[in-house]
Amino acid sequence: MGTIGFIGLGVMGTPMAANLVAAGHRVTGFDLDRDALGRLAAAGGTAAASVRDAVEGAEVVITVLPDHPQVEEVVLGTVLDVVAEGTLLIDMSTIRPETSAAIAEAGAERGVRVLDAPVSGGQTGAEQGTLSIMVGGAEADFAAARPVLDALGTTVVHVGPHGAGQVVKAANQLVVGGIYALVSEAIVLLEASGVDAGTGLDVLAGGLAANRVLDLKRHSMVAREFRPGFRIDLHHKDMGIALAAARRADVALPVTGLVAQLVAAGRARGYGALDHSALLTVVENLSGRA
Ligand code: NAD
């Protein structure tokens, strides 16, 4: 198996890198956070001293970074100058589709094959290797990336050209945000009416209202446990990506707009570092119940 240079060992990147090691890949990683480097070494990977050290000689480079400025800094600032022609760069961060397309163009000028491959499934999906991965780019490059992506996810789909993976991810995030907002409203209604929210949501989870957020998060939401997971700050970024994509596509997404404002309120109230299920607190605040 080839060498993978892995940049960004946070909530998602650390377990993803560990799964690649477990699948037999040689993984050399870098993150600005020294603790993250220790976790990679403990998982059997090699900690590098810099982005350059991590990606030099790699056949595949994977980035799992917060947002487009970090991806631009790492990829345009270092990776494309260091790696050999033919290297496969898989950016698994959630960023704007137009940045993914620009990075692919910059890669093509240097003979580097680029895919945008954002993921869904959260920390649990990353740990269990069961992520959904939506891939934009050339079909042949997707085929080449498949053995690596299959070690990270169970739903791995080529959805279109450069940037298409990010558009699918934006659609994913507006649906997830909307579901969190509505589950929050259900909890507020149940509790304000004197009905046990946990019992009520158990019933919802068995009927037409069933969904993954109810399955995975209803107990922690009712208990007000908001340790991330997926931070409000990141979901705020993603709602911005979704609204900007809607504007570019010339469509109106009114519910997405409303949910984006609730997420923005959570950030403004200082919940940015909490899990996005803390949207419940925002909805409670509207009725003076938090
Ligand atoms: P995170 O903040 O936990 O991890 C990002 C890591 O990147 C951090 O460890 C940070 O130190 C590192 N980093 C930042 N700039 C760097 C640089 N210049 N060089 C090297 N390292 C750098 O974020 P995360 O939750 O792992 O999310 C990463 C991406 O995946 C985001 O785009 C997010 O939207 C997306 N995502 C997250 C989840 C989730 O549940 N957490 C789910 C799906 C998608």
Rounded to two decimals, what is Rg over Rh for segment 1-115 when you use alpha-carbon atoms and the Kirkwood radius?
0.94
Over the C-alpha atoms of segment 88-128, what are the Rg and the largest Cα-to-Cα span, Dmax, in Å?
12.2, 37
Could you tally the net charge around Val183, taking each other residue with its Cβ under 10 Å from the Cβ of Val183, Lys/Arg +1 and Asp/Glu -1?
+1
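If you wrap a convex hull around the alpha carbons of segment 150-290, what volume per residue comes out, as a whole number of Å³?
135 Å³
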Nearest 500 deg cm²/dmol is fine: what mean residue ellipticity at 222 nm does the chain get from its DSSP H runs of n ≥ 4 alone, each adding -39,500 (n - 2.57), divided by its residue count?
-15500 deg cm²/dmol
Looking only at Cα atoms, what is the convex hull volume of segment 104-179 per residue, in Å³?
90 Å³
Pairwise Cα inverse-distance average, inverted: Kirkwood Rh of segment 145-219 (Å):
14.8 Å
Could you state how much accessible area Arg96 has, in square angstrom rounded to the nearest 10, with a 1.4 Å probe and all protein chains kept in place?
90 Å²
Cα-based Rg of segment 239-290 normalised by 2.2 N^0.38 Å, two decimals
1.27
Can you give me the span-like helices of the chain, meaning DSSP H runs with 30 Å or more of Cα extent along the axis and Kyte-Doolittle mean at or above -0.5?
164-192
Take the solvent-accessible surface of the protein heavy atoms, probe 1.4 Å, and return the percent of it on the chain that carbon and sulfur atoms account for.
55 percent
Whole percent per 10 Å bin, from 0 to the bin with the longest distance: what is P(r) over all C-alpha pairs of segment 211-279?
21, 44, 29, 6, 0
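Hey, how much of the P(r) for the chain falls beyond 36 Å, as a percent of Cα pairs?
19 percent
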Would you tell me the accessible area of Asp250, worked out with a 1.4 angstrom probe on the heavy atoms of the protein chains, in Å² to the nearest 10?
140 Å²
Tell me, what is the per residue accessible area of the chain in Å², probe radius 1.4 Å?
45 Å²
Taking Cα atoms only, Rg over Rh for segment 78-219 with Rh from the Kirkwood formula is 1.14
With +1 at each Lys and Arg Cβ and -1 at each Asp and Glu Cβ, the charge dipole magnitude of the chain around its Cα centre, to the nearest 20 debye, comes out at 540 debye
Using the 2.2 N^0.38 Å rule of thumb for compact globular proteins, work out how segment 18-86 stacks up: its C-alpha Rg over that value, please.
1.08
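The values are calculated or read from the model by the stated rules, or taken from the named source; none is laboratory data. Treat the numbers as computed from the prediction; the structure is a model and nothing was measured. Heads up, the Cβs are rebuilt from the backbone with ideal geometry, glycines too, and the neighbour counts pull from every protein chain shown. What goes into the accessible areas is simple: the full protein's heavy atoms, side chains included, and nothing from ligands, DNA or RNA. Shrake-Rupley method; radii C 1.70, N 1.55, O 1.52, S 1.80 Å.
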